[in-house]
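The values are calculated or read from the model by the stated rules, or taken from the named source; none is laboratory data. As the structure is a prediction and not an experimental result, all values here were calculated from the model. Positions of Cβ are generated from backbone atoms using ideal geometry, with glycine treated the same way; all protein chains shown enter the neighbour counts. Remember, those area values only see protein heavy atoms, side chains included, never the ligands or the DNA or RNA. Shrake-Rupley method; radii C 1.70, N 1.55, O 1.52, S 1.80 Å.
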Amino acid sequence: MSIAVFASGDGSNFEVLVEKSRRQGWPQSITLLITDRPEAPVLERAQRLGVAAMAFRPSDYENKAAYEEAILAELRKQGIQRILLAGYMRIVGPVLLEAYRWRILNIHPSLLPAFQGKDAPEQALNYGVRWTGVTVHWVDQGIDTGPIIDQKPVLVEPGETVDSLRKKIQFVEHNLYPMVVRKWLTGEIHSPEGKE
Ligand code: GRF
């Protein structure tokens, strides 16, 4: 039984998840990285960490379903049981959602349901909230709408910039996400339907 991480960008969450899974001896290991961007820096991290990585460029496929079918075939071939989205900048479609119902988690850089979608730290700063934060949630068909598992707040301080806020949020993400995933793998957290 193993886990795949989906990421589109830098991959700092991916790296922390892999490191903690190894250090803490999780019951399932992260054995595959999937990216939709062949140029994403996360691929270098995967190589350095010795995690197999595959890039699927959506434009190489006829439509989203075909793109996801290609990924799904690989996930099945590699015995992937669970999926962690970590900065994966696409909406998961019905093909993957049905195959991995309540077996996909996401991390989002805000206290959902506030500031869904892209650039959540910037949205929070522009809105002028005093507190924002981090949410880990199940993935459903919406954009950052699935049932919430856990959240942690982050204070927006006077003089905060998008960069400084992003850094603070990432620091919290790097603790919260691995903690939630470990609890999920050890059965402390149950899916919304009470089964895997
Ligand atoms: C994180 O802030 C995550 O919450 C969001 O995208 C960012 C990814 O960062 N969905 P990284 O690629 O893990 O460094």
* To do: Could you check residue 46 against (1) open to solvent by 10 Å² or more (accessible area, probe 1.4 Å); (2) in contact (Cβ under 8 Å) with a residue 12 or more places away in the chain and say which number it fails?
  => (1)
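Given the residues 189, 143, which is the only one that is touching a strand residue (DSSP E or B) at 6+ places or on another chain (Cβ under 7 Å), of a type in the set (Val, Ile, Thr) and surrounded by fewer than 18 Cβ atoms within 10 Å (Cβ to Cβ)?
Sole residue among the options that is touching a strand residue (DSSP E or B) at 6+ places or on another chain (Cβ under 7 Å), of a type in the set (Val, Ile, Thr) and surrounded by fewer than 18 Cβ atoms within 10 Å (Cβ to Cβ): 189.
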* In region 112-148, what residues are among the polar types (S, T, N, Q), within 14 Å of the ligand (Cβ to nearest atom) and more than 24 Å from residue 179 (Cα to Cα)? -> 123
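Name every residue in region 159-178 that is touching a residue at least 40 places away in the same chain (Cβ under 8 Å) and open to solvent by 30 Å² or more (accessible area, probe 1.4 Å), in order of residue number.
Of all residues in region 159-178, those touching a residue at least 40 places away in the same chain (Cβ under 8 Å) come to 162, 165-166, 169-170, 173-174, 176-178.
Answer for region 159-178, where residues must be touching a residue at least 40 places away in the same chain (Cβ under 8 Å) and open to solvent by 30 Å² or more (accessible area, probe 1.4 Å): 162, 166, 170, 174.
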* Positions within region 94-113 being buried (at least 16 other Cβ atoms within 10 Å of the Cβ) and part of a loop (DSSP other than H, G, I, E, B), in sequence order -> 100, 101, 102, 103, 109, 110, 111, 112
* Might you let me know whether region 58-75 holds any residue that is in contact (Cβ under 8 Å) with a residue 12 or more places away in the chain, within 11 Å of the ligand (Cβ to nearest atom) and either assigned to a strand (DSSP E or B) or open to solvent by less than 40 Å² (accessible area, probe 1.4 Å) (or both)? => no
* Residues being assigned to a helix (DSSP H, G or I) and either touching a Phe, Trp or Tyr at 6+ places or on another chain (Cβ under 8 Å) or basic (Lys, Arg) (or both) - total across region 41-57 -> 4
* To do: Filter region 6-40 down to residues that are within 20 Å of residue 69 (Cβ to Cβ) and part of a strand (DSSP E or B) and give me whichever is farthest from the ligand (Cβ to nearest atom).
  => 32
* Structure fact -> Checked pairs for region 179-192, first part of a helix (DSSP H, G or I), second open to solvent by 60 Å² or more (accessible area, probe 1.4 Å), C-beta under 6 Å and 6 or more apart or across chains, list as 185/27
